[in-house]
Every structure is written in C-alpha cells, then in structure tokens.
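> Below is one structure. I have some questions about it.
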Amino acid sequence: MTRSDTVLSQTCSPATSDGVEDPRPVVTATRRITHRAEGIAAADRMVPEETPIALSYGGTTHAVMMASPADFEDFALGFSITEGIVAAAGEIDAVEVQDLGAGIDIQIRLRDSANRRFEARRRRLAGPVGCGLCGIESIEEAMRSVDEVDASQLRLTPDDITRSVRLLSGLQPMHRQTGAVHAAGFYLPGKGVVMAREDVGRHNALDKLAGALSREGISGQGGAVVVTSRVSVEMVQKTAAIGAPFIIAVSAPTALAIRTAEAAGMTLIALVRGDDFDIFTHPDRVVTGGARHVA
C-alpha cells in the first residue's frame, strides 16, 4: 500500500471488550490435515470464532445473531439504527454487555420516546395470538420500505470506486488470518476508508459499521458503504438507514436489492474486480474525466 492509500482508522480486533471483563478471542488456532499435490501434512490454521449474541431491549430478547465476539457496543447501536428501532445514538440510554458463557447478551435500554415506539412495534408484530413475527406482518417487516437517500451532492469517479475496495482490503486483519469473514467500510472521497468493521456475518459487519459511524458522528450522506459480500435487500435497507447514497460491493446483487436501491435513489455498484465494475442503479452519479480524488 502506498502512502497515498493510507486510511484514517482501522478496527477489527479484541482490543476493546466493550464491557466484558475478559474479552473473547475473535480468532482461534486449530489443527488440520492438509492434502496438497506435494503430499499430506499436519498444520495449524487460524479460524474465526462465531458466538450467539442476543440483542435485548428492556430485558426481552429481540434477536439472536451468530457473530464475531467483538465491537459489541457498535453492534448494539448499529443494529438499533439499521433495524429502525432508534433514529440516532441519543435515543439509547445505556448498553450493558453480559458474557453468559454460552453466548453474549447485549442489554439495551432505550430512552422513553424510543422505548414507547419500540413497545408499540413489538405489540403490533406479536399480534393477538402472541406468535411473534408471523404471517403477513413478518413479511411486511422484512419488506419494509426505505427512505430515499440524499445523493444531491456526492459524485464518485471510477478511481474512487476501485480505490475504496482496495483500501478496504487493507483493513481486514481477521480475514487475512482466516479467509472467512466479511468486512464493511465507509469511504469518503479525498480521505479514503475512514471506518471499517469485520464479522463472520455480512449483515453484522454492516451493523457494526453503522454503530461506529454514529458513535463518531460521521454522516452517511457524504460517502459510500463498501462491502466484501453480495448485496441482498437487507444490505440495501441497512445502507439506506446509514444514509449513504452509494453501496459498493465485490460480489453481485439480487434482483430485489436492485429494485430497492433504485427506489431509494441509491447508486448500487457491484462486481468490483480490479478496475472493472458494474453499475446497476443511478449510473449518472459516477463521473468520468476531470479531477480525481487522492486518498
């Protein structure tokens, strides 16, 4: 990586416990038998840890995700934002992380107005028979509409697009060790990838990125979300919740993701391979010629 490709920050390690006294490792060494053309041998390999993490509101578990045991507070805040439970970090009163041995429980306490909205939503989704997310209500929740993003100011060059993916690849220490985790980063023209998070789950990585951006007060409107995965409709929904007008991915999108990005006014760019990429929605925001950003 050249000096011009230096990033502003990088995070993906168990360096912070987010309230857990004895932080869990995010990667573990395991013994394996390798079969290669040159023969068979015993060797060690680093593999990522995967832990059930419960996200609980007001003492009641709302969701359990299989995730990397790191960046818990970012996860709590980002999940709350991208799932529409809160609009901003200020609506969360407290986050407490509890290691239960078998998994992690993140207890999230909402402020009064946000808690009232969430309780009303939970009652609506539970329905009169108390079956939780079921039937037409669960379908409507999964297919929730997204607010249109503000893309009035941001334009990216082809160089921005390819650089964003290259820079993100340098912010994946867990992936370099294991080859088995996803990453989500936030690219600002002229600055590079200013924030990145990794996780065994692509949605979790994006949630953790959303939480980190919110905690740092970085607005999504001025940059692009960059992901190492395919683009599903959920990835578009979460990017819209961040407020980013671009999502850039190394893999392909689904048809529903394309339709959702189009309706949200989001530019969806995928299949970034070296200098090659495909633009699926709002291609007018990718400009060629003229000045190029240097990050």
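The values are calculated or read from the model by the stated rules, or taken from the named source; none is laboratory data. Worth saying up front: this structure is predicted, and the values here are computed from it rather than measured. A quick note on method: Cβ atoms are made from the backbone with ideal geometry, for glycine too, and the neighbour counts reach across all protein chains shown.
> Which condition breaks for A244 when tested against (1) touching a residue at least 40 places away in the same chain (Cβ under 8 Å); (2) surrounded by fewer than 24 Cβ atoms within 10 Å (Cβ to Cβ); (3) of a type in the set (G, A, S); (4) outside any helix (DSSP H, G or I)?
The failed condition is (2).
> Is it the case, given these coordinates, that G185 is outside any strand (DSSP E or B), within 12 Å of the chain's Cα centre (by Cα) and either more than 25 Å from A89 (Cβ to Cβ) or not aliphatic (A, V, I, L, M) (or both)?
So G185 fails the test.
> So for the range 37-55 (the condition being more than 26 Å from I108 (Cα to Cα) and of a type in the set (D, E)), does at least one residue qualify?
yes
> Considering the range 46-84 alone, what residues qualify as being of a type outside the set (S, T, Y) and modelled with pLDDT under 95?
G58, G59, H62, A63, E83, G84
> Please work out which residue is modelled with the lowest pLDDT, limiting yourself to the range 99-117 and to residues that are in contact with a helix residue (DSSP H, G or I) (Cβ under 9 Å, 6 or more places away or on another chain) and of a type in the set (A, V, I, L, M, F, W, C).
Ranking the qualifying residues of the range 99-117, first place goes to A114.
One line per residue, one yes/no per condition, for (1) surrounded by fewer than 13 Cβ atoms within 10 Å (Cβ to Cβ); (2) of a type in the set (D, E, K, R); (3) touching a Ser or Thr at 6+ places or on another chain (Cβ under 9 Å); (4) part of a helix (DSSP H, G or I):
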| position | (1), (2), (3), (4) |
| --- | --- |
| R31 | yes, yes, no, no |
| T34 | yes, no, no, no |
| A54 | no, no, yes, no |
| H62 | no, no, yes, no |
| G78 | no, no, yes, yes |
| V86 | no, no, yes, no |
| D105 | no, yes, yes, no |
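> Checking E198 against (1) assigned to a loop (DSSP other than H, G, I, E, B); (2) within 18 Å of S232 (Cα to Cα), which test does it fail?
Here E198 meets the rest and fails (1).
> Hey, another quick one. In the range 255-276, what residues are touching a strand residue (DSSP E or B) at 6+ places or on another chain (Cβ under 7 Å) and over 18 Å from G223 (Cα atoms)?
Once the filter is applied, which keeps residues that are touching a strand residue (DSSP E or B) at 6+ places or on another chain (Cβ under 7 Å) and over 18 Å from G223 (Cα atoms), the range 255-276 yields A257, I258, L271.
> Need the failing condition index for E96 against (1) touching a helix residue (DSSP H, G or I) at 6+ places or on another chain (Cβ under 7 Å); (2) surrounded by fewer than 16 Cβ atoms within 10 Å (Cβ to Cβ); (3) of a type in the set (D, E), just the number.
If we test E96 against (1) touching a helix residue (DSSP H, G or I) at 6+ places or on another chain (Cβ under 7 Å); (2) surrounded by fewer than 16 Cβ atoms within 10 Å (Cβ to Cβ); (3) of a type in the set (D, E), just (1) comes out false.
> Looking only at the range 189-202, count every residue that is buried (at least 20 other Cβ atoms within 10 Å of the Cβ), within 25 Å of A151 (Cβ to Cβ) and either free of Cβ contacts under 8 Å to residues at least 40 places away in the same chain or not hydrophobic (A, V, I, L, M, F, W, C) (or both) and tell me the total.
Residues that pass the stated criteria total 4.
> Tell me, yes or no, whether the range 286-293 has at least one residue that is in contact (Cβ under 8 Å) with a residue 12 or more places away in the chain, in a strand (DSSP E or B) and surrounded by 21 or more Cβ atoms within 10 Å (Cβ to Cβ).
Narrowing the range 286-293 to residues in contact (Cβ under 8 Å) with a residue 12 or more places away in the chain: 286-288, 290, 292-293.
Filter once more, keeping what is in a strand (DSSP E or B): 286.
Then drop every residue that is not surrounded by 21 or more Cβ atoms within 10 Å (Cβ to Cβ), which leaves none.
No.
> Would you tally the residues in the range 204-229 being surrounded by fewer than 24 Cβ atoms within 10 Å (Cβ to Cβ), over 12 Å from the mean Cα position of the chain (by Cα), of a type outside the set (V, I, T) and in a loop (DSSP other than H, G, I, E, B)?
Residues meeting the conditions: 3.
> Quick check on my filter: what residues within the range 252-267 are surrounded by 15 or more Cβ atoms within 10 Å (Cβ to Cβ) and assigned to a loop (DSSP other than H, G, I, E, B)?
T254, G265, M266
> Let me ask something else. Would you point out which residue out of S169, S145 is at pLDDT below 85, among the small types (G, A, S) and under 20 Å from the mean Cα position of the chain (by Cα)?
When all the criteria are applied, what remains is S145.
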